[in-house]
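Before any comments, here is the structure.
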Amino acid sequence: MIQFYKNFYHASSDFLFQRNPYTWVYGLARTILAVGTLITLSCSSVDVLFDETIFHQVNAKHLFSNINYFMLFGWENLALAKGIAIVLLLITASGIYPRLTGIFQWWIASSFFYASTIIEGGDQINSIICLLFIPVTLLDSRKWHWGITSSSENKNFVGNLMFLLIAIQMAMIYLNAVTDKVYAGTEEWKLGNAIYYYLNDSYFSYPDWMDPLVTNLLANSFIVSSLTWGTMFLELILFGILFSTKNIKFAFFPIAVIFHFGIAIFLGLISFFMAMTAGLIIYLIPKELPLTPKLRESRFFTNRPEKVDTNASTFS
């Protein structure tokens, strides 16, 4: 038992203090989050994104409205606020000076979540992850977040701790998704036909051009049941993978991304797909993973970390 605690202590210490988290991996997650918000703002007009009556009600009642990015501009200047936000998100997505752009990214994402009337779960997840990124970005001295630089133990501790919190957050999202379907959801999830009703919903539904394909799929009860129960089974696995080894997490990353891409295609939840993909990058991809052998040898990756240890577990 004493040896177990010693091994646990050393593994925890190595994970929190020795591994450099300031790599392209977390940079990619930041870029995807920024692009997710950027798509929402760029592809919809101000009148669609915001409702004037609700906008003024939130502005008057909500505490966050005092520092809300969009509300500081006022209803009359929302088009200008949107334009500036798009520019700031483009700069953030490029990866330039994360120390300067980190707070702005969270400010815009969280402000949109509180001010807009067409939000979905992805907008909330986006704002939460951006908030947890702030301590990391403030300690990130790189000129852009695609390179790798040397780091101190104190900076490593802050970065790895924030990423651990994001990983726990992602795991709890999947656990809540399963338990909500089983205990608080409709009977259709237990009966195995919930996917049929979701795909035929008048609000969340697939595009018309997919109708011939989806109609045939939904006519097959085996496929409908497999998709319904398979969704819950995969979500349960993605929760439990928090306690698995690094190589297993990495292997499940493309499976999880394809799963959420399917949700985006069939239900139209693009923001949710972008936010969950960014969270999955932090959750499942080793932070010290090089981009490619060619890029690893380039001048941007000269101070790269050590080789990935695929046998590490629990805190990976």
Inset, instruction - Would you check which residues across segment 151-181 are within 15 Å of residue 15 (Cα to Cα), hydroxyl-bearing (Ser, Thr, Tyr) and either touching a helix residue (DSSP H, G or I) at 6+ places or on another chain (Cβ under 8 Å) or in a helix (DSSP H, G or I) (or both) and list them? - result: 151
Legend entry - Residues that are more than 17 Å from the chain's Cα centre (by Cα) and over 30 Å from residue 218 (Cα atoms), drawn from segment 241-270: 243, 244, 245, 246, 247, 248
Legend entry - From the options 311, 247, 303, residue that is at pLDDT below 95, over 28 Å from residue 124 (Cβ atoms) and part of a helix (DSSP H, G or I): 247
Inset, instruction - Please work out which one of (1) at pLDDT 90 or above; (2) surrounded by fewer than 16 Cβ atoms within 10 Å (Cβ to Cβ); (3) polar (S, T, N, Q); (4) under 16 Å from residue 269 (Cβ atoms) is the condition residue 226 fails and give its number. - result: (4)
Inset, instruction - Considering each residue of segment 96-113, count those that are surrounded by 20 or more Cβ atoms within 10 Å (Cβ to Cβ) and either acidic (Asp, Glu) or not in a helix (DSSP H, G or I) (or both), and give that number. - result: 0
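Can you find, within segment 259-271, the residue that is nearest to residue 166 (Cα to Cα) among those that are buried (at least 17 other Cβ atoms within 10 Å of the Cβ) and at pLDDT below 95?
The first filter runs over segment 259-271 and keeps only residues buried (at least 17 other Cβ atoms within 10 Å of the Cβ), leaving 259-260, 263-264, 266-267, 269-271.
So of that shortlist, the ones also at pLDDT below 95 come out as 263-264, 266-267, 269-271.
On the way: 263: 22, 264: 22, 266: 27, 267: 25, 269: 21, 270: 20, 271: 18 Å.
Result: 271.
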Inset, instruction - Scan segment 114-150 for residues that are assigned to a loop (DSSP other than H, G, I, E, B) and under 28 Å from residue 78 (Cβ atoms) and report the count. - result: 5
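Residues are listed down the side, and each one gets a yes or a no for (1) of a type in the set (S, T, N, Q); (2) under 27 Å from the mean Cα position of the chain (by Cα); (3) surrounded by 13 or more Cβ atoms within 10 Å (Cβ to Cβ):
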{"residue": "138", "(1), (2), (3)": "no, yes, yes"}
{"residue": "141", "(1), (2), (3)": "yes, yes, yes"}
{"residue": "155", "(1), (2), (3)": "no, yes, yes"}
{"residue": "166", "(1), (2), (3)": "no, yes, yes"}
{"residue": "177", "(1), (2), (3)": "no, yes, yes"}
{"residue": "184", "(1), (2), (3)": "no, yes, no"}
{"residue": "198", "(1), (2), (3)": "no, yes, yes"}
{"residue": "203", "(1), (2), (3)": "no, yes, no"}
{"residue": "211", "(1), (2), (3)": "no, no, no"}
Inset, instruction - Return yes when residue 148 is over 19 Å from residue 269 (Cα atoms) and either in contact (Cβ under 8 Å) with a residue 24 or more places away in the chain or among the acidic types (Asp, Glu) (or both) and no when it is not. - result: yes
Inset, instruction - Filter segment 238-258 for residues that are free of Cβ contacts under 8 Å to residues at least 40 places away in the same chain, within 27 Å of residue 196 (Cβ to Cβ) and buried (at least 16 other Cβ atoms within 10 Å of the Cβ) and give the result. - result: 252, 256, 257
Legend entry - Tally, over segment 104-118, of residues that are out of contact with any Cys (no Cβ under 9 Å at 6 or more places or on another chain) and in contact (Cβ under 8 Å) with a residue 24 or more places away in the chain: 7
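Would you point out which residue out of 92, 117 is within 13 Å of residue 30 (Cα to Cα) and polar (S, T, N, Q)? First the steps, then the outcome.
Details: 117 fails: within 13 Å of residue 30 (Cα to Cα).
None of the others qualify; the one that does is 92.
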Inset, instruction - Keeping to segment 11-54, report how many residues are in contact (Cβ under 8 Å) with a residue 24 or more places away in the chain and in a loop (DSSP other than H, G, I, E, B). - result: 8
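The values are calculated or read from the model by the stated rules, or taken from the named source; none is laboratory data. A quick note: this is a predicted structure, and the numbers were derived from the prediction, not measured. Ideal geometry is used to build each Cβ from the backbone, glycine not excepted, and the neighbour counts take in all protein chains shown.
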